[in-house]
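The block underneath contains the structure these notes are about, expressed in structure tokens.
The values are calculated or read from the model by the stated rules, or taken from the named source; none is laboratory data. Here the structure is a predicted model, which means the values were calculated and not measured. Ideal geometry is used to build each Cβ from the backbone, glycine not excepted, and the neighbour counts take in all protein chains shown.
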Amino acid sequence: MSTVGALSSAEPSSGSGSQPDCDELLRRYLNIYWLRPENAFWTVLRSLAWRRIAMVPPTIDLSCGDGVFSFVHAGGAFGLSFDLFQTAANLERVTAENADMFDRAADAGYRPEVTRRPAWSIDVGTDLKATALSKAAALSFYGRLVQHDNNEPLPFDDDEFQSVYCNSAKWVRNIEPFLREVARITRPQGTAVFHVKLDTIARYTLTPFRAQLGDRVLELLDRGRLATWPSLASRSEWERRFDAAGLEIVEATPLATRTHAHLWDVGLRPIAPLLVRMTAELTPQTRLAIKRDWIALFVELLRPMCRPDFDLFARECEPAEMQYVLRPR
């Protein structure tokens, strides 16, 4: 699979203008991530940081996944009947083998209920997984979808894009060649927005309490995540990498704190497969009623956490994730 989809951005996209307020944005993300509410508040933090940066065509979303994050960020919304857990698979293997419950291709019945189209679109989306791209194609949000491994050279021309977005650099093993490729495909006056996790996130966990909790509890919480993030690094190392790749830092903004990381580290991740199985047994009417109440409750619970400076610790520490706005030097 190389490319799918046929749509292009017609006009510049912007982080300004009519934007949903924080509660509405949280509701939109909870609607799709409701059984993993910790993912909802993290995506809100990303969206709030990113909305300040204009996305001027031609645009590319590197490692776009199923596309729903960027779709909602751009102003889109889904009906209550749609969420990512309806097509979850590998549930019996999630805990035992760290399988990805979302690694399932869209079938003929995959028709997300769109209640609001985004205010803008993205010209190109890429991802390693054909299963994710098949879902992104159903959104009619990307002009072109390209299956690509970011450990290999990007299949695009020099200076092809004015705006680049990426929140998945942590999965790239060959990180420095990848960053050089990003510099190559970005126009001289263009912008690359990166959301990068710092290596502090590996410390902002319950690992220091291994003696009290035991290995098995930590295994159930981690589920092999850290092993799949080979490019985690300190803030200074990320900035060295950007500089070495020929990317000048225009802006560096802390996006998530140690407290965010601790909350996200536990969340509902360990029981998510069981929640998916349980909700699948409900009638559609009962599922929707519970989901509606669930979202309303978690909007109240998570509202205070949807600030990039939310931190319950007295001593200031390095953030868990940063937003970098970059341009080729």
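Observations
- Of all residues in the stretch 221-233, those satisfying the criterion of being surrounded by fewer than 16 Cβ atoms within 10 Å (Cβ to Cβ) and more than 11 Å from Ile201 (Cβ to Cβ) are Gly224, Ala227, Thr228, Pro230.
- The residue list Ala296, Ala289 contains one member that is small (Gly, Ala, Ser), more than 18 Å from Arg36 (Cβ to Cβ) and assigned to a helix (DSSP H, G or I), which is Ala289.
- Screening Pro273 on (1) at pLDDT 95 or above; (2) out of contact with any strand residue (DSSP E or B) (no Cβ under 8 Å at 6 or more places or on another chain) shows it passes everything except condition (1).
- Among the residues of this structure, Asp159 counts as one that is over 27 Å from Pro308 (Cα atoms) and of a type in the set (Asp, Glu).
- Filtered residues of the stretch 109-145 (kept if surrounded by fewer than 21 Cβ atoms within 10 Å (Cβ to Cβ), closer than 20 Å to Trp171 by Cβ and touching a Ser or Thr at 6+ places or on another chain (Cβ under 8 Å)): Leu128
- Contact annotation: residue pairs with Cβ atoms under 8 Å, 6 or more positions apart or on different chains, pairing a residue in the stretch 71-90 that is part of a helix (DSSP H, G or I) with a partner that is of a type in the set (Asp, Glu) and buried (at least 20 other Cβ atoms within 10 Å of the Cβ), are Leu84/Asp66.
- Among the residues of the stretch 221-243, those identified as at pLDDT below 95, in a helix (DSSP H, G or I) and over 14 Å from Ser168 (Cβ atoms) are Leu221, Asp222, Leu226, Ala227.
- Boolean, Thr191 is in contact with a strand residue (DSSP E or B) (Cβ under 6 Å, 6 or more places away or on another chain), surrounded by fewer than 17 Cβ atoms within 10 Å (Cβ to Cβ) and in a strand (DSSP E or B): no
- Of all the numbered requirements in (1) surrounded by fewer than 16 Cβ atoms within 10 Å (Cβ to Cβ); (2) closer than 22 Å to Met322 by Cβ; (3) under 22 Å from the mean Cα position of the chain (by Cα), Thr207 misses one, and that requirement is (3).
- Residues of the stretch 204-220 classified as outside any helix (DSSP H, G or I) and in contact (Cβ under 8 Å) with a residue 12 or more places away in the chain, total: 3
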